[in-house]
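Notes for the one structure printed next.
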Amino acid sequence: MEKVKNEIDEQEGQNPSKDVEVADVEGNGEAKKEDAHQKDVVVIHENTKNEAEAVLEEQENEGERSNVSSSPVVEKNSSFGEEVNLLSHLKVPEKKAWAKLKTKIEDAIRGKMVAHENYPKNAGDIVPEKKVEAEKRDGSPPPTFVKNSSFREESNSLSDLKEYEKKALAELRATVEEAIHGNNLLKGKKEQANIEKPLEESEKKGETEEKKKLIEEVTIDEVEKDIALWGVQLLPSKGDNATDEILLKFLRAREFNPNEAFEMLRNALQWRKENNIDSILNENFDAHLDSIGYMNGVDRQGHPVCYNNFGLFGEDEMYNNILGTEEKREKFLRWRVQLMERGIQKIDFKPGGLSSFLQINNLKDTPSPLKKELRLATNKLVGILQDNYPEFVAKNIFINVPFWFYAFTVLLSPFLTQRTKSKFVFARPARAAETLLKYISAAEIPVYYGGLKRENDSEFSTEDAVMEVIAKAGSTESIEIPVLETGTSLIWDLTVLGWEVSYKEEFVPIHEGSYSIIVQRERKMGGREGPVRNSFKNNEPGKVVLTIDNVSFKKKRVLYRYKINNNASS
């Protein structure tokens, strides 16, 4: 047991900086590996699924269990001591099952199965763009503006498609065209019969063939007019350039099998009709749901970003209010579909445009999926989104991932396609902000997630440049901002990824006879500190100096921005 403890401590304590990405597999299928200090890329071993499902089944059979209300997997998110106390209450077969499951999960996380990465190997590298006019005490190079590369969407341009993809698209277009003209894309056989029945009755009443033909033409015209998806006409002959964008989503979700893509499209349309999805944006839901999921800003490529804060389910009151009954779970699912539709409103389906968005899932303080209500809602939501919203998520990033989540992904695997799983990115707490910065600029990341974006900010906008300096391990880094005109108002934002440094702010006058002014006394900043914002108005020429003393054994990324308002502009 002590050995297991040490190994877990090594995973979560000594080396918390590793994050995991399960990325797209293309070409020759060879795995691409990065530096171990940046990330480990793993996929949970499929054989783990049976043991994990067995644990779930045992927990739900309450009549066959003695005084154990939840699985030990839940407790792994707390201290190791708590886990040992809980295991002591388990029966011998249960202890063996848990030990076997735990061993397999740990083996998988240590890299037994390595997957591929589909973003550039140096995606996190800094690309110097412009030097900042700021003097350095130690003569080191000035900071650079932050500019990171990121993933790119698959091209929807016909010229970029492979021959078999073009052929599949042409076949799907023809099938959809025929189905719409035959009035059997949107409506099932029963509904088709409901249209034909009045025509038969009218004929018995002596209706003329001319009038009958007119009724049929009107029916077809109305069907053609109504069959649209997310504002895009699905009838290919209408010439809407965005039609191919929609059809390609369904084709990609079904590996360019036109028959399966057509059935998926047809089922999605039927689901939308049966659930009145086209009017869901007009529905009102409880305001507290908006704190669980919302759209906010864009990533480096311009994709809208959707944030999901599942940690709020860790509060018992919130959990019961949202998931406590089947009726409440259905409302939650409908609200989540509405959020999806809101995100699609921000997407441009035109050729060359962005037709997907980035999704961030914050798992901090999230309750274990062994809680039945959460598991039922999650499984159903995954099915709804995967079946009816194909290829709308360019990347699905999970941050602050607890240990038990890797087992949960095994249980969720049967509900996910390989293409969906290829877009997953996993980041442990120590790497959360670092991972988000690969895809989103600091100016677009909310302060809650370690970025610099504040709601209703009157001082800075997302257009203001963010600069970066590196504080090496055991070194002191100073950022000097000249304020040479008297009466200058200076405001700044600063954050250190992971913090664990000492930080201070001071104003240093140019004249030797003047005294420095302490703006903020030096203090230790812990790993959970948020971004700093402060300001200063000078009465004489000088400079504001922001000092970061990196006492840790790892280099730190320091992100900051500032704005100067002098007398002329004030």
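The values are calculated or read from the model by the stated rules, or taken from the named source; none is laboratory data. Since the structure is predicted, the reported quantities are computational estimates derived from the model, not experimental observations. All Cβ positions, even for glycine, are placed from backbone atoms using ideal geometry, and neighbour counts span all protein chains on display.
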Per the filter on the stretch 273-304, residues within 20 Å of Val382 (Cβ to Cβ) and β-branched (Val, Ile, Thr) are Ile277, Ile280, Ile292
Which one is farthest from the chain's Cα centre (by Cα), of the residues in the stretch 343-357 that are crowded, with 16+ Cβ neighbours inside 10 Å and in a helix (DSSP H, G or I)? Ile344
First in the stretch 372-385 and of a type in the set (Ser, Thr, Tyr), second anywhere and surrounded by 17 or more Cβ atoms within 10 Å (Cβ to Cβ), Cβ under 8 Å, 6 or more apart: Thr378/Pro369; Thr378/Leu412
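Based on what the data block shows, is Lys554 closer than 18 Å to Ile470 by Cβ and touching a residue at least 12 places away in the same chain (Cβ under 8 Å)? Reasoning before the result, please.
Numbers: closer than 18 Å to Ile470 by Cβ: yes; touching a residue at least 12 places away in the same chain (Cβ under 8 Å): yes.
Yes, satisfied.
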Looking at Gly513, Gly474, Gly451, Gly487, which is the one that is more than 15 Å from Leu546 (Cα to Cα) and free of Cβ contacts under 8 Å to residues at least 40 places away in the same chain? Gly513
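Of the residues in the stretch 509-536, how many are hydrophobic (A, V, I, L, M, F, W, C), loosely packed, with under 14 Cβ neighbours inside 10 Å and part of a strand (DSSP E or B)?
Going residue by residue through the stretch 509-536, those that are hydrophobic (A, V, I, L, M, F, W, C) are 510, 517-519, 525, 532, 536.
Then drop every residue that is not loosely packed, with under 14 Cβ neighbours inside 10 Å, which leaves 510, 518.
Okay, now just the ones that are also part of a strand (DSSP E or B), so 518.
Final tally of qualifying residues: 1.
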Positions within the stretch 364-391 being surrounded by fewer than 19 Cβ atoms within 10 Å (Cβ to Cβ) and either in contact with a His (Cβ under 8 Å, 6 or more places away or on another chain) or of a type in the set (A, V, I, L, M, F, W, C) (or both), in sequence order: Leu376, Leu381, Val382, Ile384, Leu385
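Please find, among Glu455, Glu506, the residue that is on the phi < 0 side of the Ramachandran plot and modelled with pLDDT under 95. Please lay out each step first, then the result.
Details: Glu506 fails: modelled with pLDDT under 95.
Matching residue, one of Glu455, Glu506: Glu455.
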Residues in the stretch 547-570: is at least one farther than 20 Å from Gly451 by Cβ, of a type in the set (Ser, Thr, Tyr), part of a strand (DSSP E or B) and under 37 Å from the mean Cα position of the chain (by Cα)? yes
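Quick grid of which residues meet (1) under 21 Å from the mean Cα position of the chain (by Cα); (2) surrounded by fewer than 22 Cβ atoms within 10 Å (Cβ to Cβ):
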| residue | (1), (2) |
| --- | --- |
| Tyr406 | yes, yes |
| Thr435 | yes, no |
| Lys438 | yes, no |
| Ala443 | yes, yes |
| Arg454 | yes, yes |
| Glu463 | no, yes |
| Ser478 | no, yes |
| Asp493 | no, no |
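Output yes when any residue across the stretch 473-480 is within 30 Å of Arg252 (Cβ to Cβ), touching a Ser or Thr at 6+ places or on another chain (Cβ under 8 Å) and of a type outside the set (Lys, Arg), and no when none is. Step through it out loud before you land on a result.
First, pick out the residues of the stretch 473-480 that are within 30 Å of Arg252 (Cβ to Cβ): none.
Checked against the condition, which is being within 30 Å of Arg252 (Cβ to Cβ), touching a Ser or Thr at 6+ places or on another chain (Cβ under 8 Å) and of a type outside the set (Lys, Arg), the stretch 473-480 yields no hits at all.
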